[in-house]
Amino acid sequence: MPEPADVGSAIPSPPEPEIHQIPSTRRGAGRVLVAVYAVFAIAATSRAGVQLVTKFSDARLAYVLSAFAAVVYVVITAALIKGTATARRVATIGIVIELIGVLVVGAFSYVDSAVFPRATVWSHFGEGYGFVPLLLPILGLWFLRRSNAARSSAARSAVR
Amino acid sequence: MTGVSLLGTTRGLTDSVASLTPVVSWPWPLLSMVITVIALVIAAVCAVLAVMKKSTPMVVLALVGILEAAIAVLAIAMVLEWGSAQGPAEPFVYLGYLLMCLATPPAMVWWARGEPGRWGSGVLAVAGLMLPVLLLRLQQVWTGRA
């Protein structure tokens with residue numbers, strides 16, 4: 001961008017360098033969070049794909065839920081990588097859906113195991129995956145909350 | 001006479017053992033154990049580094065390279081076995097996990113190098129924890145106990 005650079009010396013403090021100090025969702029702890037979400041997104045998508053193509057008639061509800069979980073993980077991963085204000089909102093909504101999903105499916109799989117024959121990531125609160133599916137949304141929401149707070153304070157100091 | 005009864009007992013024992021073990025056995029227990037141990041060492045070292053707010057030293061990255069080489073050897077052995085024997089119970093699921101195993105170390109190193117420091121080490125710790133799980137799934141799908 002040559003144009004702002006010409007005028008840049010005259011302007012006391014352009015907001016440009018401050019933007020880099022605003023914490024991104026793919027920096028810091030977000031780096032690890034994105035890595036874990038990416039793993040879940042890829043694993044869940046490939047697994048759901050195979051289930052839907054090869055044995056959909058076996059357990060329709062479970063496999064539709066698997067596919068839904070896969071979409072949720074993919075959306076959260078993409079939103080966390082993007083990290084814009086809108087993407088943060090999308091990520092937050094996605095993680096809340098993920099948390100509700102793991103709680104509801106987890107509870108139902110104990111109550112009525114016939115409906116969910118242990119075929120989804122969220123069955124038994126993600127027991128088959130070391131309960132990571134239950135921990136992940138909690139950590140995700142905590143991280144986004146902290147990151148949003150840091151972001152707004154950085155934005156405030158950028159305005160000043 | 002005792003020989004007959006002994007034979008009978010032995011046969012009964014082997015039958016019960018055979019019914020306990022899966023029909024298809026996992027042909028690479030040693031190599032997968034080596035991979036699991038390397039991955040867990042990487043996970044432990046990187047977790048400590050992340051807690052100590054340290055970046056990942058080259059030695060650990062070299063260890064990830066060794067891990068990838070070991071996975072590649074396993075993958076080649078699998079493909080060869082697949083050609084001669086019956087192969088995994090669910091081929092597509094199996095291929096998916098195999099590709100994930102192969103892609104994980106380089107992808108995670110790339111993602112970790114984007115942020116050298118404690119969180120880069122954290123990313124590699126995740127990779128090290130993930131691989132044994134993927135390997136276990138490979139084993140389950142191969143033997144048909146998925």
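With the charge dipole of the stretch A:71-160 set up from +1 on Lys and Arg Cβ and -1 on Asp and Glu Cβ about the Cα centre, the Cα lying farthest toward the positive end among the listed residues A:Val75, A:Ile93, A:Ser152 is that of A:Ser152.
Taking every residue in A:32-41, how many Cβ atoms of other protein chains lie within 10 Å of its Cβ, on average?
5
Each peptide among B:40-51, A:55-66 gets the average number of other Cβ atoms lying within 10 Å of its residues, and from highest to lowest they stand as B:40-51, A:55-66.
Measuring from a point 7 Å past the Cα of A:Thr54 along Cα-to-C-beta, which residues in the stretch B:109-145 have an amide N at less than 15 Å? Residues B:137-145 fall inside that zone.
Scalar couplings 3J(HN,Hα) for the stretch A:85-97, obtained by applying the Karplus form with A = 6.51, B = -1.76, C = 1.60 to θ = phi - 60°, are 4, 5, 4, 5, 5, 4, 4, 4, 4, x, 5, 5, 4 Hz; x denotes Gly and Pro.
At 1.002 mPa s and 20 °C, plugging the Kirkwood radius over alpha-carbon pairs of the stretch A:24-146 into Stokes-Einstein gives what diffusion coefficient in µm²/s?
Numbers: Rh = 14.4 Å.
My calculation gives 148 µm²/s for D.
Note on the stretch A:74-160: Kirkwood hydrodynamic radius from all Cα pairs is 14.2 Å, rounded to one decimal. Peptide A:145-153 shows a mean partner chain C-beta count of 0 within 10 Å per residue C-beta.
Placing +1 on the Cβ of each Lys and Arg and -1 on the Cβ of each Asp and Glu in the stretch B:24-143, which of B:Val51, B:Ile76, B:Gly128 has its Cα farthest towards the positive end of the resulting dipole? The residue sitting most towards the positive pole is B:Val51. Students often get this wrong: which residues of the stretch A:27-47 have the backbone nitrogen under 19 Å from the point 7 angstrom along Cα-to-C-beta of A:Ser157? Counting backbone N atoms under 19 Å from the label point, the list is A:27-30. In order along the stretch B:60-66, the phi-based Karplus estimate (6.51 cos²θ - 1.76 cosθ + 1.60, θ = phi - 60°) of 3J(HN,Hα) comes to 5, 5, 5, 5, 5, x, 4 Hz; Gly and Pro are listed as x.
Rounded to the nearest 0.05, what FRET efficiency do A:Ala107 and A:Val64 have when you use their Cβ-Cβ distance and R0 = 22 Å? Show your work: numbers first, answer last.
Working: r = 18 Å, r/R0 = 0.82.
Computed FRET efficiency for A:Ala107 and A:Val64: 0.75.
Counting only the Cα atoms, the stretch B:24-143 fills a convex hull of 80 Å³ per residue.
Of the peptides A:33-43, B:121-131, A:101-111, how do they stack up when ordered by the mean number of other Cβ atoms within 10 Å, highest first?
B:121-131, A:33-43, A:101-111
Laboratory data are not the source of any read-out in this text; all were calculated from the coordinates shown. All values reported here derive from a predicted model rather than from experimental measurement. No Cβ is skipped: glycine too gets one built from the backbone with ideal geometry, and neighbour counts run over all protein chains shown.
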